[in-house]
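See structure below.
Rule-based calculations on the coordinates, nothing more; no lab input. All of these numbers come straight from a predicted model, not from anything done at the bench. All Cβ positions, glycine included, derive from the backbone under ideal geometry; neighbour counts span all protein chains shown.
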Amino acid sequence: MTTLTTCPTIADAELLKSLLASAGITAFLPEELTANAAPQLVFSSGIRVQVEDEDADEARRLLATVPARLTPEKINLAEKFALFSEHWSPKIVAALNGQHVKLVKFQGEFVWHHHAHEDELFLVVRGSFRMEFRDKRVELREGELLVVPRGVEHRPVADEEVSVLLFEPAATVNTGSNPGEKTVAAPEWI
Ligand code: NI
């Protein structure tokens, strides 16, 4: 079983369940019975929306086309960044209009690659790094952002750990044209 996302209310979870059902995917809500029996209970960790592992990829593609959190809920970036420590492994924190908002920590050199169909936005939340292109380098500091156009070869390099927000189409894979050990084909939601 794969947890796709968590919803703040049972109503949101039911909505996602029906959306998935319309695409032939059965979703499971482990907290459903408790939430319906005792709606006053606060589910601090949210209502989980789960699917069978083999449905996970298709379900993620589908959910990327709707806001996964249908009740507006703020997302605290510092809290989300505190949930993981690995480098070069993007985590999804929001989806809208077929795009994902991802958080990632860089340290060291990534691989040279490009994306044939996607433009990628990089926003530095904490620290700094440089984006290398074949003909130039761009230094990015906290509070600065850069859009890498589709088709342009690039390689992020961070001398020290940096926290970065990415905004890009849901189908974008981090290593683009150059898959390998750093590829994360299906980033997890946090
Ligand atoms: Ni890229």
Please order Ile75, Ile25 by the number of other Cβ within 10 Å, starting at the fewest. Ile75, Ile25
To the nearest 10 degrees, how steeply does helix 10-21 sit against the main Cα axis of the chain, on a 0 to 90 scale? 80 degrees
Please label the shape of the stretch 77-189 as rounded, prolate or oblate, based on the square roots a ≥ b ≥ c of the eigenvalues of the alpha-carbon gyration tensor (a/c under 1.5 means rounded; beyond that, a/b larger than b/c means prolate, else oblate). rounded
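For Ser89 and Glu139, FRET efficiency with R0 = 30 Å and r from the beta-carbon atoms, rounded to 0.05? Show your work: numbers first, answer last.
Details: r = 24 Å, r/R0 = 0.78.
After rounding, the FRET efficiency stands at 0.80.
Give the shape of the chain as rounded, prolate or oblate, defined through the alpha-carbon gyration tensor: a ≥ b ≥ c are the square roots of its eigenvalues, a/c under 1.5 means rounded, and otherwise the shape is prolate if a/b is larger than b/c and oblate if not.
Numbers: a/c = 2.58, a/b = 1.86, b/c = 1.39.
Taking the square roots of the gyration eigenvalues as a ≥ b ≥ c, the chain is prolate.
Restricting to Cα pairs below 8 Å that are 6+ residues apart, what does the relative contact order work out to for the chain? Please round to a whole percent.
Details: 403 pairs, mean separation 39.9, N = 190.
Value for the chain: 21 percent.
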